[in-house]
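This report refers to the structure that appears directly beneath it.
The values are calculated or read from the model by the stated rules, or taken from the named source; none is laboratory data. Every value quoted in this text rests on a predicted model; they were computed, and no experiment measured them. Heads up, the Cβs are rebuilt from the backbone with ideal geometry, glycines too, and the neighbour counts pull from every protein chain shown. For the accessible areas, the whole protein counts, side chains as well, though only heavy atoms, and no ligand, DNA or RNA atoms are used. Shrake-Rupley method; radii C 1.70, N 1.55, O 1.52, S 1.80 Å.
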Amino acid sequence: LLISNKMKRLLYSIFSIIVIAFYAISCNDDSDVTVNENGTITTKGNIILPSEITHSYEDCTVLTIGGISPIENGSFSIDAFYNENVQTFFVQNDANEVFLMNRSSMQNGDIIEFNVQTTTIALITRHPLFSPISSEDYQDVITFITSNPNYQSLYDEVEKVVKEKKNIFDNNNEALLLAFSNIMEDICGDVSTNNDYSDSLDELISETRAIY
């Protein structure tokens, strides 16, 4: 049977509505994100380290400005602010010794992962120079940093600290301090002439924590 023009228009309208509704739902990035009353979302994460690193982090907590979480079997669930800012996450013990770090934006509700690279990148990008960087530009910053000829040296020193489960902000770790200073000097210029910078990592963490 032939379908009348009126019926064709009706079917076309119904089909168009279904297609539009489908794309509206599929393109909604926030469909699976539940924002809490205080503006945070609950996100999950893991500590992923090489198999030869066997020490536990269950005596530590994951900390960020939005919340704090215990660690169980290398995993955790934590509240973090849902916005475009790049936020810092710490794995630390009761003595405020920091063992691992990550800097991420929660805009997409990403899973947080801690490893040697995230710790190395966070150590650098927590410098006030990078505090205005948006989440959209952050991946470009990471690429810029990892392409620096001094990056591998710092990564190697951070890896040593992680393997021994030592405080990443130990001011007596001269090798780490030197590797950190070398890459920061290459990126920023002579950091010793910057009034906002101190070669003390302990002071640096206080400065950049205040930003958040």
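Here are the numbers for the structure shown:
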item: Coil-residue GluC sites (Glu not before Pro) of the stretch 102-190, DSSP, other Cβ within 10 Å capped at 14; result: E164
item: Virtual paramagnetic centre 7 Å along Cα→Cβ of T146, amide N under 17 Å, in the stretch 34-77; result: 48-50
item: Table column - 3J(HN,Hα) (Hz), the stretch 61-73, Karplus curve with 6.51, -1.76, 1.60, x for Gly and Pro; result: 10, 9, 10, 8, 5, x, x, 9, 8, x, 10, 10, 6
item: Size of charge dipole - the stretch 30-125 - debye, nearest 20, with Cβ of Lys, Arg +1 and Asp, Glu -1, no other charges; result: 200 debye
item: Carbon/sulfur fraction of accessible area - the stretch 50-96, other protein chains in place, 1.4 Å, %; result: 46 percent
item: Hz values of 3J(HN,Hα) by residue in the stretch 118-128 - Karplus curve (6.51, -1.76, 1.60), Gly and Pro given as x; result: 4, 5, 5, 4, 5, 4, 7, 7, 7, 4, x
item: Nonlocal amide H pairs with S105, under 5 Å, H built at 1.01 Å; result: Q87
item: Efficiency of FRET between N83 and H55 - r from beta-carbon atoms, R0 35 angstrom, step 0.05; result: 0.55
item: Placed amide H near I112: partners under 5 Å, 5+ positions off or other chain; result: K44, G45, N46
item: Using a Förster distance of 22 Å, the FRET efficiency for E185-S134 (Cβ separation, nearest 0.05); result: 0.30
